[in-house]
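The values are calculated or read from the model by the stated rules, or taken from the named source; none is laboratory data. Since the model is a prediction, treat every value here as computed from it, not as a measurement. Every residue, glycine among them, receives a Cβ derived from its backbone with ideal geometry; neighbour counts consider all protein chains shown. In case anyone asks, the SASA skips ligands and DNA or RNA and just uses the protein heavy atoms, side chains included. Shrake-Rupley method; radii C 1.70, N 1.55, O 1.52, S 1.80 Å.
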Amino acid sequence: MSFWKHANIAVRESDIVAEVLDARMPELSRNHEIEELVEKEGKFLLFVVNKSDLVSREIVEKVKHGLGEERCVFVSGIKNLGMKRLKERIIIIGKRRGFDRPKVSFVGYPNVGKSSVINALVKRARTKVSSIAGTTKGVQWVSTPSFKILDSPGVIPFDERDEALIAFLGAKNPEKLKQPERSAIRFIGLLKKQYPKLLENFYGISEEKDENDIFMEIGKKKHFLVKGGEIDMRRTALGIIRDWQLGKIFIS
């Protein structure tokens, strides 16, 4: 069954749809086609902003303002942060909409952290968690005393096949990228624009240069070289992508 068939089932069967976003790139990790489907079905859309431990309080407040404070909850599935607040929000929304035990579906891009959030919510690893994109298969129910959770595979919209963005959203294993070098260089430009000085502070390199030069500087800093002292382009690209996917880069 395709991602979109699963997504339609998830939205149709639920009372509340929780879209899991990456706190570092909330707008990029939003799936507007899912959001349109939720609105069409008349369901409540709740933004669950995961990996909030990887951004500063200032960034949290900025994202909260952008999404709407009443419609978002900040959590860290891996570190079990914000789960009490998320539970309370689900219960309150359910009661307001006339459901004593609401059904909640979690949707979003693969590997954005849906399963880790669910496991933290129920405090049991009933849904398999993995660092490899696309681990959750099919549709699985997880029960709690106050609500039921429907976990679905992540959704990649048909019109958003930008490999660079998909790679840094964690929606694809970097080893499977066709052009990791191009993806890494593109993302360097995106980070420079959205988070000035981030690369400079993390890698200890100057951001005065263009994206290609910064890419090469990072390769030198990491000592990713091949015979003759040339930069190992693929290894450098995969290193940059993994630094982001594994949460090594903190955004302040």
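Figures for the structure shown
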{"quantity": "Residue in the stretch 159-179 that is modelled with pLDDT of 90 or more and of a type in the set (Gly, Ala, Ser) present", "calculated": "no"}
{"quantity": "Condition check for Ile92: of a type outside the set (Lys, Arg) and surrounded by 15 or more Cβ atoms within 10 Å (Cβ to Cβ)", "calculated": "no"}
{"quantity": "Output for the stretch 95-113, where each listed residue is open to solvent by 10 Å² or more (accessible area, probe 1.4 Å) and either out of contact with any helix residue (DSSP H, G or I) (no Cβ under 9 Å at 6 or more places or on another chain) or touching a residue at least 24 places away in the same chain (Cβ under 8 Å) (or both)", "calculated": "Lys95, Arg96, Arg97, Gly98, Phe99, Arg101, Lys103, Asn111, Gly113"}
{"quantity": "Verdict on Phe74 being among the aromatic types (Phe, Trp, Tyr) and at pLDDT 95 or above", "calculated": "yes"}
{"quantity": "Residue list for the stretch 1-59, filter: open to solvent by 10 Å² or more (accessible area, probe 1.4 Å), of a type in the set (Lys, Arg) and outside any helix (DSSP H, G or I)", "calculated": "Arg30, Lys43, Lys51"}
{"quantity": "Candidates Ala167, Ala184 - the one that is open to solvent by less than 50 Å² (accessible area, probe 1.4 Å) and touching a Ser or Thr at 6+ places or on another chain (Cβ under 6 Å)", "calculated": "Ala167"}
{"quantity": "Pairs with Cβ under 7 Å, 6+ apart, first in the stretch 167-181 and on the phi > 0 side of the Ramachandran plot, second among the polar types (S, T, N, Q) and open to solvent by less than 50 Å² (accessible area, probe 1.4 Å)", "calculated": "Gly170/Asn111; Gly170/Gln245"}
{"quantity": "Failed condition for Thr236, given (1) among the β-branched types (Val, Ile, Thr); (2) in a helix (DSSP H, G or I); (3) at pLDDT below 95", "calculated": "(3)"}
